[in-house]
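Participant: So that we are looking at the same thing, I have put the structure below in structure tokens.
The values are calculated or read from the model by the stated rules, or taken from the named source; none is laboratory data. Everything numeric here is computed off the predicted structure, so don't read it as measured data. For neighbour counting, all protein chains shown are included, and Cβ atoms are generated from backbone atoms with ideal geometry for every residue, glycine included. With ligands, DNA and RNA removed, areas are computed over all heavy atoms of the protein, side chains included. Shrake-Rupley method; radii C 1.70, N 1.55, O 1.52, S 1.80 Å.
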Amino acid sequence: MKNLSDIRLCIIGLGYVGLPLAVEFGKKFPTIGFDLNVARVDALRRGSDATLEVSDEELAAVKFLQFTADAREIGDRNVYIVAVPTPIDAAKRPDFRPLVGASNTVAAVLKPGDVVVFESTVYPGATEEVCVPLLEKGSGLTYNKDFFCGYSPERINPGDKQHRLPSIVKITSGSTPETAQLVDELYKSIITAGTFPASSIKVAEAAKVIENTQRDVNIALINELALIFDRLDINTSEVLAAAGTKWNFLPFRPGLVGGHCIGVDPYYLTHKAQEVGYHPNMILAGRRLNDDMGHYIAAAVIKKMVQKGIDTAHSRILVMGLTFKENCPDLRNTKVTDIIAEFSEYGIAVDVYDPWANPLEAEKEYGLTLVQELRPNTYSAVVVAVAHRQFTEISIAELRSFCKENSVIYDVKSLYPRDQVDGCL
């Protein structure tokens with residue numbers, strides 16, 4: 001077992017999860033942050049984080065951190081922490097390619113006594129079923145004899161400046177009791193909120209994947225209630241405010257469910273459940289409902305346009321917001337694109353405005369060209385899709401000024417009083 005004073009760290013993947021880890025560990029341990037994206041590494045070396053999770057001042061203040069895109073420079077490390085994404089493919093199945101690539105990168109430099117910790121969200125058992133065999137094959141070493149593994153699931157909430165890495169309790173685990181203790185002590189050194197040692201890697205994996213599955217199912221329930229209340233002509237926000245006066249009512253709100261976690265993680269669990277012969281009815285039902293919300297919102301807007309006699313074929317719609325959540329540049333798995341795609345299928349021209357989104361990333365990932373300024377008297381409909389703080393500062397009168405005289409404003413995030421817009425969830 002290594003002493004903490006002997007640890008030399010490498011963080012594999014420098015995105016929303018990996019960079020905050022590298023920064024916190026780099027304050028105490030010799031740390032290398034590795035990423036295949038050369039441009040990302042160059043920007044971090046210059047002291048700039050495009051995700052906005054870490055400020056320039058924070059980066060500049062870290063004592064023991066360096067960055068590289070060259071795998072030859074990470075061979076002297078003895079603890080590797082893998083923090084790469086775990087997306088899903090077009091068939092909603094786990095896409096292990098980033099994790100496989102990271103495991104192979106580590107395997108090429110793995111030495112006897114090394115420890116590999118995974119933070120990527122996976123189904124229970126995936127670390128030892130998918131990653132460990134790759135580590136063994138690539139290194140020629142034997143698991144739990146020559147090298148050891150841990151699992152400590154990420155709990156990063158992009159854009160949240162209150163709940164940051166050190167202030168969120170960290171689940172830890174290891175492949176042997178000694179490894180579990182080392183992994184726990186390592187994270188305890190940077191997590192002020194404390195740690196929760198799980199009894200096994202599988203338990204830690206399961207705990208992570210159900211965190212977001214639970215939220216997904218609860219949001220699906222609220223989304224379904226919003227659809228019902230819309231047909232009953234009842235204000236969903238008022239209903240939730242009234243129900244929320246009971247101490248144990250959970251404060252979920254309706255909306256689009258995208259991002260790197262809630263809209264993805266449940267599919268890892270359902271995939272594994274079906275592998276072992278169980279069909280997860282409730283989880284998949286919630287996923288279907290949440291995935292349909294973009295279609296519902298677009299249909300509701302078009303319906304209101306038709307009711308107002310607006311010629312949809314010669315209309316232009318403004319969608320305000322593209323990122324998957326407010327006050328954050330993260331475009332991963334944003335469901336705003338579902339609304340845009342639905343409008344496009346009707347032949348309606350769409351402008352997308354988002355002061356937080358990176359225009360180059362929007363073009364690369366979704367083929368969308370963001371508008372940089374809003375023109376008056378231009379739009380037949382406006383959809384407020386994301387609650388960016390810049391949008392909360394726009395009055396309803398200013399919002400109306402961007403619209404033609406006969407128009408529709410649909411407020412997905414309930415930023416405006418219901419009687420001042422034409423539709424909301």
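Participant: Read through the list (1) in contact with a Ser or Thr (Cβ under 8 Å, 6 or more places away or on another chain); (2) open to solvent by 30 Å² or more (accessible area, probe 1.4 Å); (3) over 28 Å from Lys111 (Cα atoms), then give the number of the only condition that Leu4 fails.
Facilitator: (3)
Participant: Is it true that some residue in the stretch 271-290 is in a loop (DSSP other than H, G, I, E, B), in contact (Cβ under 8 Å) with a residue 12 or more places away in the chain and open to solvent by less than 40 Å² (accessible area, probe 1.4 Å)?
Facilitator: No, that holds for no residue.
Participant: Filtering the stretch 54-72 down to residues that are in contact with a helix residue (DSSP H, G or I) (Cβ under 9 Å, 6 or more places away or on another chain) and either basic (Lys, Arg) or part of a strand (DSSP E or B) (or both), which residue is least open to solvent (accessible area, probe 1.4 Å)?
Facilitator: Thr68
Participant: Can you name every residue in the stretch 315-343 that is over 14 Å from Asp291 (Cβ atoms), charged (D, E, K, R) and in a helix (DSSP H, G or I)?
Facilitator: Result: no residue meets the conditions.
Participant: Just to be sure I understand the filter: pairs with C-beta atoms under 6 Å, separated by 6 or more residues or on different chains, first member in the stretch 10-21 and open to solvent by less than 10 Å² (accessible area, probe 1.4 Å) and part of a strand (DSSP E or B), second member modelled with pLDDT of 95 or more and not hydrophobic (A, V, I, L, M, F, W, C). Which pairs pass?
Facilitator: Hits for this filter: Cys10/Arg77; Cys10/Tyr80; Ile11/Gly18; Ile11/Gly33.
Participant: Can we say Thr245 is part of a loop (DSSP other than H, G, I, E, B), among the β-branched types (Val, Ile, Thr) and at pLDDT 95 or above?
Facilitator: Yes.
Participant: Just need a number here: residues in the stretch 405-425 that are at pLDDT 95 or above, among the charged types (D, E, K, R) and open to solvent by 50 Å² or more (accessible area, probe 1.4 Å).
Facilitator: Number satisfying all stated conditions: 0.
Participant: Of the residues Pro98, Pro85, only one is touching a Pro at 6+ places or on another chain (Cβ under 7 Å), open to solvent by 20 Å² or more (accessible area, probe 1.4 Å) and either in a loop (DSSP other than H, G, I, E, B) or over 30 Å from Gly286 (Cβ atoms) (or both); which?
Facilitator: Pro85 is the lone residue from the list that is touching a Pro at 6+ places or on another chain (Cβ under 7 Å), open to solvent by 20 Å² or more (accessible area, probe 1.4 Å) and either in a loop (DSSP other than H, G, I, E, B) or over 30 Å from Gly286 (Cβ atoms) (or both).
Participant: A follow-up question, please. Of all residues in the stretch 118-134, which are open to solvent by 10 Å² or more (accessible area, probe 1.4 Å), over 16 Å from Tyr80 (Cα atoms) and hydrophobic (A, V, I, L, M, F, W, C)?
Facilitator: Answer for the stretch 118-134, where residues must be open to solvent by 10 Å² or more (accessible area, probe 1.4 Å), over 16 Å from Tyr80 (Cα atoms) and hydrophobic (A, V, I, L, M, F, W, C): just Val130.
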